[in-house]
Amino acid sequence: MLTETQRNRLLQIARQAIEEYLSSGKIKEFRENDPFLLEEKGAFVTLRKAGELRGCIGNIIGRGPLYLTVRDMSIESAFRDPRFNPLAADELKEVDIEISVLSKPEREFNPENIIIGKHGVIVKKGFNSGVFLPQVADETGWSREEFLSCLCSHKAGLPKDAWKDKNTELYTFTAEVFGEK
């Protein structure tokens, strides 16, 4: 569990990283000494404008300190999410930032063990893969079956029932989700 101070610091890093990139095109340098923020953890940064998705990119597995992952994924979400145009300067004040700090994924062999709203899921089969964060099921109201079917068909490019195939790998993780709102 992150403390309120750690959450606020990560949100500050995310916003300042986007602001700096908007104004200069450069990646802002930060210094951190909080041991938890220095741990290698996966994270997603989600941007919303008027409640609607405006960008969401992350790393499931940490590839460096958490605070740098948040910095980098903030820039990716704002400027490189292929579903959206890059964020414009006049939009920044209208954007709310949400951060999801992820646990390490664990292989799940029984889909019945997946708890909707608690677990995020990664599906992999061959070269195809996709991921849904835990909050996706809450936002959509999907059942476990709908969650897994949409993950396979919409995110991984697999048949919707691929999650039932013993050759399809499922991994679960949890996320601590917090935001500016």
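Here are some notes:
- Candidate set: the stretch 131-144, residues that are more than 12 Å from the chain's Cα centre (by Cα) and within 14 Å of Thr172 (Cα to Cα); chosen: the one surrounded by the fewest Cβ atoms within 10 Å (Cβ to Cβ): Arg144
- Residue within the stretch 90-103 that is assigned to a loop (DSSP other than H, G, I, E, B), among the β-branched types (Val, Ile, Thr) and surrounded by fewer than 21 Cβ atoms within 10 Å (Cβ to Cβ) present: no
- Extreme residue, nearest to Gly42 (Cα to Cα), among residues of the stretch 140-165 that are at pLDDT 95 or above and part of a loop (DSSP other than H, G, I, E, B): Ala156
- Checking each residue in the stretch 148-181 for being surrounded by 19 or more Cβ atoms within 10 Å (Cβ to Cβ) and under 29 Å from Gln6 (Cβ atoms) picks out Thr172, Phe173, Ala175.
- Selection within the stretch 104-128: residues that are among the hydrophobic types (A, V, I, L, M, F, W, C) and under 23 Å from Glu139 (Cα atoms). The member of this set that is surrounded by the fewest Cβ atoms within 10 Å (Cβ to Cβ) is Ile115.
The values are calculated or read from the model by the stated rules, or taken from the named source; none is laboratory data. What you are looking at is a predicted structure, and each value in this text was computed from that prediction instead of being measured. All Cβ positions, even for glycine, are placed from backbone atoms using ideal geometry, and neighbour counts span all protein chains on display.
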